[in-house]
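Chemist: Below is one structure. I have some questions about it.
The values are calculated or read from the model by the stated rules, or taken from the named source; none is laboratory data. The model shown is predicted, which means the values in this text are computed figures rather than measured ones. Reconstructed Cβ throughout: ideal geometry from the backbone, glycine too, with neighbour counts over all protein chains shown.
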Amino acid sequence: MASKKSQEQSPLMNAIIGVVGAIIVLIAAFFGINFSNDDSGTQIAPVLTERPSTRPTQIPANNPTPIPQTAGTGGTVQRINFAQGFGARKDFWQVYFTAPTGSSDRSTYVGGVDQAVIDAVNSATRTLDIAAFEWNIPRLTDAVLAAKNRGVRVRMVVDNEHTVDDSDSTIKTLIDAGIPMTYDNRSAFMHNKFMIIDSTLVITGSMNFTMNDAYRNNNNMIFMRSTRAVEAYQTEFDIMFGGTFGPRKPGHELSFSLDGVAVSIYFGPGDDVLSGLNNELQKAQRSIRFMTFSFTEDSIGNTIMARAQAGVQVSGIFETRGSQTDASELPRMFC
């Protein structure tokens, strides 16, 4: 395992990185994204209030690969553009991706997908529960503080070494404001990054609540306006807020269907995350696409390779660091 005092990723490590493979599998399998400029489906109440930007949108140079619609997602998906990022919305979900330029000039760190999180926090009227591995976005810190000051009940669960013990963190502002926090003081990681707003909206994904993860690293976020999703994430938050972490934490995996879309939610290490991922991958008939920061799990590698041998088209992107080692799945997958 990496040292708990590890630093944030650097964009100089030259890959399209940081999007957790499991999240991508879930997006592709469950949501059937097909980017377009209109949306004929039922819309959730908008979380993002977007203003037109004069800056060019940072999006992939090639046209996005079309993905067929799946059951329960009739119509098309509406695209969301940012100066530095992009996303889509449909029915009960929204998905966002960062689009880093590689700049280390923080004065350019504006117009990213972190604004969607800030807007969501600004919309909170009753409750705001946050689980954060890292935390240092000043405008997001200000939004959380403003929520507390207008009467929203705010609670946080954080990894101590990457928040309270990190000189770059802005968490002290929230501590000084009296926001209740539970710290994970173990040597292992409390690696969650999620929010629950007003018991109606869940924000989750690979993106830490940091400037680097919003503007220098490739990451994703999913917003779900779902009672069942809220129940699952609220259970996880309450367990950790009560001081239980790691293997002592009970499992409570959940599968349900919303708008005809199958959704499964797992929390490690209590839930059998590996079986969930492998079972989903084994269903693939046409294609598997993944992006992963760290990929060392042999069982997932075996499942993907077996599907490739069965004729499923497989393509993936690995983070450069750690990928060309004996522990990585890259060497045996590379072709």
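Chemist: If a residue has to be of a type in the set (K, R) and either loosely packed, with under 11 Cβ neighbours inside 10 Å or not in a helix (DSSP H, G or I) (or both) to count, how many in the stretch 318-335 make the cut?
Modeler: Here the count works out to 1.
Chemist: What are the pairs, 6+ residues apart or on separate chains, where a residue within the stretch 167-191 that is surrounded by fewer than 13 Cβ atoms within 10 Å (Cβ to Cβ) has its Cβ under 7 Å from a residue that is modelled with pLDDT of 95 or more?
Modeler: Close Cβ pairs (under 7 Å, with a partner that is modelled with pLDDT of 95 or more) amount to P180/R155.
Chemist: Next up: Here is a check on your reading of the model: is T170 at pLDDT below 95 and in contact with a Phe, Trp or Tyr (Cβ under 7 Å, 6 or more places away or on another chain)? It would help to see each step written out before you state the result.
Modeler: Working: at pLDDT below 95: yes; in contact with a Phe, Trp or Tyr (Cβ under 7 Å, 6 or more places away or on another chain): yes.
When the stated conditions are applied, T170 passes them.
Chemist: Hey, among N212, N217, which residue is within 30 Å of T108 (Cα to Cα), touching a residue at least 40 places away in the same chain (Cβ under 8 Å), outside any strand (DSSP E or B) and touching a strand residue (DSSP E or B) at 6+ places or on another chain (Cβ under 8 Å)? It would help to see each step written out before you state the result.
Modeler: On the way: N212 fails: touching a strand residue (DSSP E or B) at 6+ places or on another chain (Cβ under 8 Å).
Answer to the check: N217.
Chemist: Could you list, in sequence order, the residues of the stretch 115-146 that are surrounded by 22 or more Cβ atoms within 10 Å (Cβ to Cβ), in a helix (DSSP H, G or I) and not hydrophobic (A, V, I, L, M, F, W, C)?
Modeler: The answer is Q115, and nothing else.
Chemist: Going by what's in this entry, would D168 be described as over 20 Å from T204 (Cα atoms) and out of contact with any strand residue (DSSP E or B) (no Cβ under 9 Å at 6 or more places or on another chain)?
Modeler: So D168 passes the test.
Chemist: So I265 fits all but one of (1) of a type in the set (A, V, I, L, M); (2) touching a Leu at 6+ places or on another chain (Cβ under 7 Å); (3) surrounded by fewer than 17 Cβ atoms within 10 Å (Cβ to Cβ); what number is the exception?
Modeler: (3)
Listed here are the residues, each with its yes/no results for (1) surrounded by 22 or more Cβ atoms within 10 Å (Cβ to Cβ); (2) modelled with pLDDT under 90.
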position	(1), (2)
I67	no, yes
G74	no, yes
V77	yes, yes
F86	no, no
A99	no, no
S104	no, no
T108	no, no
V113	yes, no
